[in-house]
Amino acid sequence: MHIIANWKMHGDADRVNAWISALKPTLKTLPATTNAVLCPPALWVALAAHAASGSGLAIGGQDCHGEEKGAFTGEISASMLVKAGARYVLLGHSERRTLMGETSASVAKKALAASHAGLIPVVCIGETLTERKAGRTIEVICTQMKESIPQGVPEVIVAYEPVWAIGSGLTPEVDDIVAAHRAIAEAARLHQLTHDKPVSVVYGGSVNSTNAASILGLSGVDGALVGGASLEAESFASILEAANACVTAG
Ligand code: PGA
């Protein structure tokens, strides 16, 4: 189970330190199978890794470049994130796909670069409201799976994030989440995406301390990617506790 905090463009050094300190008691209660991850803005990755050292909290970037190095002003490579202490990287978030014009092909290239550098890529996919209304959800996510994830990487996490559920307070019906996660797991097997571990599929889009337990308990849901509700340590801690309860319940 992975519970991943995506801070987007929020927070500062003081907040990183305070958040990690406040979370430490909860982190101590997590079983080895529950992984808590903080993805702060890139500037705070090294600081967060330092503050989180020994706490069980892992750190991730929010994006990386597909090349190892070069003339790419403003960009950050996967190996730079590794050197700063990151173990994960979010890739292909819908905000980047929509606002920065990222394509599935560029996401796949980044995922390969991240894997080569030793990071675990967290590749985000999900349908828009128009696609959902047209009954195209499964088709869209299966295409995104095929095009955004390179074959044969050691490990990958897929974040199923319906675009319309992000930051909206809306979530799909539980049956729809289960169906989407099942389709993603099947697509991952079909395309033989990973060779070390089966693909984990986390859900993202308006997860909060109130709905976390019911979402995390669903079949095929291996965790959550949390935006807004991850900014306050208290609400993120309740989501970790909900994950704990699900793991304990088996
Ligand atoms: P949200 O964001 O939890 O605020 O909906 C999730 C995300 O964008 O990863």
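The values are calculated or read from the model by the stated rules, or taken from the named source; none is laboratory data. The structure displayed is predicted, hence computed values, not measured ones. Quick reminder, even Gly has a Cβ in these numbers, built from the backbone with ideal geometry, and neighbours come from all protein chains shown.
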Scan segment 193-210 residue by residue and report those that are modelled with pLDDT of 95 or more and surrounded by fewer than 18 Cβ atoms within 10 Å (Cβ to Cβ).
-> THR210
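Give me a count of the residues in segment 93-149 that are on the phi > 0 side of the Ramachandran plot and either among the aromatic types (Phe, Trp, Tyr) or over 18 Å from the mean Cα position of the chain (by Cα) (or both).
Here is the first cut: in segment 93-149, the ones on the phi > 0 side of the Ramachandran plot are 101, 118, 126, 135.
Filter once more, so that each one left must be either among the aromatic types (Phe, Trp, Tyr) or over 18 Å from the mean Cα position of the chain (by Cα) (or both): 101, 135.
Matching residues across segment 93-149 total 2.
Restricting to segment 98-119, give me the number of residues that are within 16 Å of the ligand (Cβ to nearest atom) and either buried (at least 22 other Cβ atoms within 10 Å of the Cβ) or over 22 Å from ALA224 (Cα atoms) (or both). Write out each step before concluding.
Within segment 98-119, the first condition is being within 16 Å of the ligand (Cβ to nearest atom), and the residues that meet it are 98-100, 102, 107.
So of that shortlist, the ones also either buried (at least 22 other Cβ atoms within 10 Å of the Cβ) or over 22 Å from ALA224 (Cα atoms) (or both) come out as 99-100, 102, 107.
Residues in segment 98-119 being within 16 Å of the ligand (Cβ to nearest atom) and either buried (at least 22 other Cβ atoms within 10 Å of the Cβ) or over 22 Å from ALA224 (Cα atoms) (or both): 4 in total.
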Determine if segment 182-192 includes at least one residue that is in contact with a Gly (Cβ under 7 Å, 6 or more places away or on another chain), at pLDDT 95 or above and within 16 Å of the ligand (Cβ to nearest atom).
-> no
Could you tell me whether segment 214-225 includes any residue that is surrounded by 23 or more Cβ atoms within 10 Å (Cβ to Cβ), within 18 Å of the chain's Cα centre (by Cα) and assigned to a helix (DSSP H, G or I)?
-> yes
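Table: residues versus (1) in a strand (DSSP E or B); (2) within 16 Å of the ligand (Cβ to nearest atom).
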residue: VAL123; (1), (2): yes, yes
residue: GLY135; (1), (2): no, no
residue: ALA159; (1), (2): yes, yes
residue: TRP164; (1), (2): no, yes
residue: GLY169; (1), (2): no, yes
Taking the stated definitions as given, is SER77 in contact with a helix residue (DSSP H, G or I) (Cβ under 6 Å, 6 or more places away or on another chain) and surrounded by 14 or more Cβ atoms within 10 Å (Cβ to Cβ)?
-> no
Got a number for residues in segment 149-170 being touching a Ser or Thr at 6+ places or on another chain (Cβ under 7 Å), crowded, with 19+ Cβ neighbours inside 10 Å and over 16 Å from ILE4 (Cα atoms)?
-> 4
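Considering segment 80-97 alone, what residues qualify as being more than 16 Å from the ligand (Cβ to nearest atom) and of a type outside the set (A, V, I, L, M, F, W, C)?
Here is the first cut: in segment 80-97, the residues more than 16 Å from the ligand (Cβ to nearest atom) are 80-87.
Within segment 80-97, LYS83, GLY85, ARG87 meet the criteria.
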Go through segment 25-79 and give me each residue that's over 15 Å from the mean Cα position of the chain (by Cα) and β-branched (Val, Ile, Thr).
-> THR26, THR29, THR33, VAL45, THR73, ILE76
